[in-house]
Amino acid sequence: MDLDVLTDAFFDGTRLHEGRATIRLRGGRIAAIDRGEPVDDQTARVDARGQLVLPGLVNAHVHIARGGMFEPTEPIGVRQVIANFEGALAAGVTTVGDMGCSAPLARALRAHVAAHPAAGPQLVACGPVLTAPRGYPLDWLPPLLVRLGVALPCGSPDEGARAAAQVARAGMDHVKIAIMHTSYANRPLPAVSPPVARAVVDEAHRLGLRVLAHAHGIADYDVALGAGVDALMHSSFEPLDRDLVARVRDAGIPVCPTLWVFESACLGAELRFDGEPRFASRVTPAIRRSWTRFADAYAASGDVLPPGIAGGAEKTRVKEAIRVAAANLVLLRDAGVPIAFGNDANYGFSLVARPVDELAAMQRAGLSAEECLRAATSGAAALLARPDRGAIAEGKRADLVVVDREAMKDVARLERVREVIAGGRRVSPTRADRARTGAAMVRGLARTALEGLVG
Ligand SMILES: [Zn+2]
């Protein structure tokens, strides 16, 4: 399908271009950007003049099959996954990086959206997370999810290399490794040793895959950088000193800060997002009830977080860690470290359908709106090694989103999305798309059950 997008302001993934232009979409790609307006052309048009055209947003850190309950025992819900797919696209997110999911499920969903771009965002997948035996996230995952292959324990360099090869054989795009010495509940955790991390990275690189590291503290960053990982998937909860910032910069790797998922757990409970339609309308009634249980428990639990992933952690400490994570983001930005957008959704009040919350948190931390938009387009695409998107330029994927012009100054304006184009088509998911997403879920879960851990 051919489509012309008329614009007088577009952000190309790096910078703003003003003045009349026509972005010509042909065969799912951006075929040309012509200055001026089209003449006597029969091609279908989107008139985005007076607004702002962005590349389709890229969310580098999601868990697309997760619903958003606070309880670790949350069951996978087909209805919520369909809502995640539609909600992400409706919010302008045309590509997501899934950072932890069973491999057969990730494959089924990835194939589904590749064939039906109006059904959901394109998926880049890591499959199961590599970690130390009894390491994060095995400290809180329920046994059923462990059996579904969400995490692969590696106790030696050999096991690490084997696990990386297993992820590659399962057809995953990247390898995710968790390196976490202290749990969210502030307890010491077994973490992969430097030789194990190194073996994972060496094998993944030999096989042409990147290694993306879940890391949260100084010790985590140290092991990750020493091993040569390709990205750090969280901002640090501990202050980064000048040397560590320089090491991140010298490694030339991006950081995906994920501020909102932590901030919103406290803020959302205090402000009762469970009763806020902007959030509550995005999830199923079962998840809304989980939010209400969490917010009620939070109100009654004094200075400690109620039971859950971070249960028992002191609220004052958690809030300080969130403040530090935001300050670290600014230190990294100032040092020239590339920043990539990702919000770890759906978990709690952080939703794939609301990229605006993480972007607004990044702007509140001290990034400019333009830096936030860069992180959500070219920055996240670079982290996921997808140079064919995150930019408006000839030859790139025809993924575009039209938003208020003011978003160039205030990313909170991304709350309102006017038009989304995915793979060259205006997005309006149909009942058939929904049914196919549900079918892909069922296929992926069945294969997970049949093929076991990694498939
Ligand atoms: Zn995550």
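The values are calculated or read from the model by the stated rules, or taken from the named source; none is laboratory data. Computed from a predicted model, the values in this text were never measured in an experiment. Cβ: placed from backbone, ideal geometry, glycine included. Neighbour counts: every protein chain shown. Protein only, heavy atoms only, side chains kept; ligands, DNA and RNA dropped before computing areas. Shrake-Rupley method; radii C 1.70, N 1.55, O 1.52, S 1.80 Å.
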Check cross-link reach from Lys409 to the aspartates and glutamates: straight Cα distance under 17 Å, and skip same-chain residues fewer than eight apart. Asp8, Asp12, Glu18, Asp357, Glu358, Glu370, Glu371
Contact order relative to length for the chain, counting C-alpha pairs under 8 Å separated by 6 or more residues, stands in percent at 24 percent
Ordering 319-331, 150-162 by per-residue average of other C-beta atoms within 10 angstrom, highest first, gives 150-162, 319-331
Sorted by mean Cβ packing within 10 Å, highest first, what order do the peptides 87-96, 164-173 take? 87-96, 164-173
Ranked from highest to lowest mean number of other Cβ atoms within 10 Å per residue, what is the order of the peptides 255-266, 423-434? 255-266, 423-434
FRET efficiency estimate (nearest 0.05) - Cβ-Cβ, Glu71 to Arg20, R0 41 angstrom: 0.20
Computed label-point distance, nm, for sites Glu371 and Ala432 using a 7 Å Cα→Cβ extension: 4.6 nm
Net lengthening on full extension, Lys319/Leu6 (0.36 nm per residue, minus Cα-Cα): 108.2 nm
Under the classification rounded if a/c is under 1.5, otherwise prolate if a/b is larger than b/c and oblate if not, where does segment 165-244 fall, given a ≥ b ≥ c as square roots of the Cα gyration tensor eigenvalues? prolate
What is the diffusion coefficient of the chain in µm²/s, taking the Kirkwood radius over Cα pairs and the Stokes-Einstein relation at 20 °C with a viscosity of 1.002 mPa s? 98 µm²/s
By how many nm would the segment from Glu406 to Ala114 grow when fully extended, if each residue of separation counts as 0.36 nm and the alpha-carbon distance is taken off? 101.9 nm
For the pair Ala439/Glu415, report the inter-label distance in nm, with labels modelled 7 Å from Cα in the Cβ direction. 3.9 nm
Leaving out ligands, DNA and RNA, what percent of the accessible area of segment 337-455 is carbon and sulfur, probe 1.4 Å? 51 percent
Heavy-atom SASA rank of Arg187, Arg206, Arg249, Arg288 (probe 1.4 Å, accessible area, largest first): Arg206, Arg187, Arg249, Arg288
Once both labels are modelled 7 Å past Cα along the beta-carbon direction, what's the Ala300-Arg278 spacing in nm? 2.9 nm
Give the lysines whose C-alpha is closer than 30 Å to that of Lys176, dropping any in the same chain fewer than 8 places away, or say none. Lys315, Lys319, Lys396
If Ile309, Ile421 are ordered by their accessible area, calculated over protein heavy atoms with a 1.4 Å probe, which sequence runs from highest to lowest? Ile309, Ile421
Added length on full extension, which subtracts the Cα-Cα distance from 0.36 nm per residue, Glu451 to Leu271: 60.5 nm
Helical contribution to [θ] at 222 nm, DSSP H n ≥ 4, -39,500 (n - 2.57), averaged over the chain, rounded to 500: -11500 deg cm²/dmol
